[in-house]
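Asker: Structure incoming, see below.
The values are calculated or read from the model by the stated rules, or taken from the named source; none is laboratory data. Here the structure is a predicted model, which is why all the values come from computation and not from measurement. Note that we place each Cβ from the backbone using ideal geometry, even for glycine, and neighbour counts take in every protein chain shown. Note: accessible area is taken over every heavy atom of the protein model, side chains too, but ligands, DNA and RNA are not part of it. Shrake-Rupley method; radii C 1.70, N 1.55, O 1.52, S 1.80 Å.
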Amino acid sequence: MRTAAALRRALLLGALALSAGPHAGAQTGTPIRIGLIAPLSGGSADFGTSVRNGAALAVAEINEVGGYLGRPLELVVRDDKADPATGRAVAEELVQAEKVAFTIGFCNTGVALRALEVFEAARHLLMVPCSQGTAVTTRTPPAQSHVFRLAPADHMNARFLVREVVERRGLRRVAILADRTGYGDGGVKDLTAELARRQLEPVFVGRFDLGTRDLTEALQAARAAGAEAVINYTVGPEQAAAVKSRAAMGWRVPYFAPWPLSFASVLKDAGADALEGTLMAQSIIQDGANERRASFIVRYTRLHPTERPIGSLMAAAQSYDAVHLMLRALFQTRGNTSGPALKAALEDLREPYRGVVSTFDRPFSKDDHDAFSDRMIWLGEWRNGRIVYHYAGDAKLSSVLRRKGE
């Protein structure tokens, strides 16, 4: 067993890694192989690439200071192509053939839902850093589940957005747009439920297929229904199509969305003018007030210089934090990588982790496998081609990392 000083060094790695120099610690043991599944090609590659690169940065930093007690971490990466059948196939490959220690993965909710059975049946730990569909962590009751998530769940995003639209702004005629995927299905369900809690119904619900390049017809129908606000649940390319259609119509209705509206690809496709003033739920917004976040972004862009701007800051930061949380679980299990051991450790993490997105202090329990709460979500706004805090008060609070229980 290593000394107590070595253990303390590892547990404090989250605070030290960003300032680690180029010298590497000694690594002599067998690598700990970590599965990683993300959409690295196709329309979801913008945030899938950020997931891979965020995890790669964490692995590089951990290996710089010796890995896990001399054992380097190694990513075993697979592209799910945002396709449910492919996602399940690569999950089976990593769990059954590659026999990785645990897996970090999935951005698209429909892909994740198709693959969950693979991990549950094998009692293999899956940490989801990206997919936000409510069902991902509720399909199997947490007490029996080996699936955890380090991203805001969509029922939280829906509650956050409806609270903003209805309670804070006093708008009651809400239109919902959503793609025809598991992600869109979940968004419609969650948003409708939140409106119903306020004795409201959506004035219009418009569904569309992925690949749609023009959403004028759906937006015209929403306008004809008297919508005072639009909430759109879809991924990057279709968010761009929607805001371009809205701009072409000259309809400046308040436009809200979950996090895919923040992707760099949406800015590239839609342009700053079409995006101006649109709003989205965010777990992290780039600013200079928080030193750890600023340091993370500098390190990330140095390691991945071709990804500028970062495709999805949320996806990159959440996958980075996911790797560091799993490292803490490894220390707590003394290197036992079995699913049940890692599950028990995550449900009772004894040391807080001051991450990039937030401070994670006992983020999970036997009854709750979601690391986020509503208080850890911010309202972002596209302004002059950049995402900023919509509310000045939030910007002032950005230097204080909110814990789940606060």
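Asker: Which three extents, in angstrom, do the Cα atoms of the chain have along their principal axes, listed largest first?
Answerer: The Cα atoms of the chain stretch 69, 43, 37 Å along the principal axes, largest first.
Asker: Just to verify a number: what accessible area does His146 come out at with the full protein assembly present, 1.4 Å probe, Å² rounded to tens?
Answerer: Roll a 1.4 Å probe over it and His146 shows about 10 Å².
Asker: Out of all DSSP beta bridges in the chain, what portion is antiparallel? Express it as a percent rounded to 5.
Answerer: 30
Asker: How big is the charge dipole of region 178-298 about its Cα centre, in debye rounded to the nearest 20, if each Lys and Arg gets +1 on its Cβ and each Asp and Glu gets -1 on its Cβ?
Answerer: Details: 13 positive and 15 negative charges, 16 e Å.
Taking the Cα centre of region 178-298 as origin, the dipole is about 80 debye.
Asker: Right, here's the next one. Under 5 Å between amide hydrogens, which residues at least 5 positions from Phe102 or on another chain qualify, with H placed 1.01 Å from N in the peptide plane?
Answerer: So Phe102 has HN proximity to Gly35.
Asker: By Kyte-Doolittle mean hydropathy of at least 0.0 and Cα axial length of at least 24 Å, which whole DSSP H helices of the chain are selected?
Answerer: Span-like helices in the chain: 45-64, 313-333.
Asker: Tell me, what is the 1.4 Å probe accessible area of Asp273, in Å² to the nearest 10?
Answerer: Approximately 140 Å² of Asp273 is accessible to the 1.4 Å probe.
Asker: So what are the ³J(HN,Hα) numbers for region 123-132, from phi and the Karplus equation (6.51, -1.76, 1.60; θ = phi - 60°), rounded to whole Hz, Gly and Pro as x?
Answerer: So the J values, rounded to whole Hz, are 6, 10, 6, 10, 10, 9, x, 9, 4, 10.
Asker: Suppose the chain between Lys396 and Glu201 were pulled fully straight at 0.36 nm per residue; how much longer would it get relative to their current alpha carbon spacing?
Answerer: Details: separation 195, 0.36 × 195 = 70.20 nm, distance 3.50 nm.
66.7 nm is the gain from fully extending Lys396 to Glu201.
Asker: Going by amide H atoms built from the backbone, whose H comes under 5 Å of the H on Thr181, apart from near neighbours?
Answerer: When sequence neighbours closer than 5 places are left aside, there are no close amide H contacts.
Asker: OK, next. Accessible area of Thr306, 1.4 Å probe, to the nearest 10 Å²?
Answerer: Taking all protein chains as shown, Thr306 has close to 130 Å².
Asker: Also: Quick check: the distance between the Cα centres of region 310-329 and region 160-192, to the nearest angstrom?
Answerer: Taking the Cα centre of each part, region 310-329 and region 160-192 sit 27 Å apart.
Asker: Please list the non-local residues whose amide H lies under 5 Å from the amide H of Leu215, H modeled 1.01 Å from N, same-chain partners needing a gap of 5 or more.
Answerer: Hits under the 5 Å cutoff: Ser245.
Asker: Just to verify a number: FRET efficiency for Thr138 and Arg350, C-beta to C-beta distance, R0 = 35 Å, to 0.05? Mind dumping the intermediate values first?
Answerer: Values: r = 26 Å, r/R0 = 0.74.
Efficiency computed from Cβ-Cβ geometry: 0.85.
Asker: Return one quarter of the surface area of the convex hull spanned by the alpha-carbon atoms of region 258-406, equal to its mean projected area, in nm². Spell out each step's value before the answer.
Answerer: Working: hull surface 39.0 nm².
Average projection, Cα convex hull of region 258-406: 9.8 nm².
Asker: What number, in percent, do you get for the relative contact order of region 216-300 if the mean sequence gap of Cα pairs under 8 Å and at least 6 apart is divided by its residue count?
Answerer: Worked out over region 216-300, it gives 28 percent.
Asker: While we're looking at this one, here's another question. Please state the charge dipole magnitude for the chain, taken about the Cα centre, from unit charges on C-beta atoms (+1 on K and R, -1 on D and E), reported in debye and rounded to the nearest 20. Each step should come with its number before you reach the end.
Answerer: Values: 50 positive and 43 negative charges, 172 e Å.
With Lys and Arg at +1 and Asp and Glu at -1, about 820 debye.
Asker: For the chain, with all protein chains present and a 1.4 Å probe, just round the carbon and sulfur fraction of the accessible area to a whole percent.
Answerer: Details: 7920 of 15650 Å².
Answer for the chain: carbon and sulfur cover 51 percent of the accessible area.
Asker: Just the number please: accessible area per residue for region 280-322, 1.4 Å probe, all protein chains included, in Å².
Answerer: 36
Asker: Based on the mean of other beta carbon atoms within 10 Å per residue, what is the order of 47-53, 264-270, most packed first?
Answerer: Going from most to least packed, we get 47-53, 264-270.
Asker: Using a 1.4 angstrom probe on the protein heavy atoms only, line up Ser41, Ser145 by accessible area, largest first.
Answerer: Ranking Ser41, Ser145 by accessible area, largest first, yields Ser41, Ser145.
Asker: Report the charge-dipole magnitude of region 265-406 in Debye, nearest 20, computed about the Cα centre from +1 at each Lys and Arg Cβ and -1 at each Asp and Glu Cβ.
Answerer: Values: 20 positive and 18 negative charges, 111 e Å.
Rounded to the nearest 20 debye, it is 540 debye.
Asker: Ok, one more. Could you tell me how far the Cα centroid of region 330-358 sits from the Cα centroid of region 225-292, in Å?
Answerer: Each part's Cα centre sits 35 Å from the other's.
Asker: Using a Cα distance threshold of under 23 Å, what count of lysine pairs results for the chain when pairs must be 8 or more residues apart or interchain? Mind showing how you got there, number by number?
Answerer: Working: Lys81/Lys99; Lys81/Lys268; Lys99/Lys343; Lys244/Lys268; Lys343/Lys366; Lys343/Lys404; Lys366/Lys404; Lys396/Lys404.
For the chain, qualifying lysine pairs total 8.
Asker: Name the residue from Leu57, Val174, Pro363 whose Cα lies farthest towards the positive end of the charge dipole of the chain, charges +1 on Cβ of Lys and Arg and -1 on Cβ of Asp and Glu.
Answerer: Toward the positive end, the furthest listed residue is Pro363.
Asker: Averaged over every viewing direction, what's the projected area of the C-alpha convex hull for region 115-253? Give it in nm², one decimal, please.
Answerer: Projected over every direction and averaged, the Cα hull of region 115-253 covers 9.0 nm².
Asker: Sticking with this one: Could you give each residue of region 357-366 its phi-based ³J(HN,Hα) in whole Hz, using Karplus coefficients 6.51, -1.76, 1.60 with θ = phi - 60°, and x for Gly or Pro?
Answerer: 6, 6, 8, 9, 10, 6, x, 10, 9, 5
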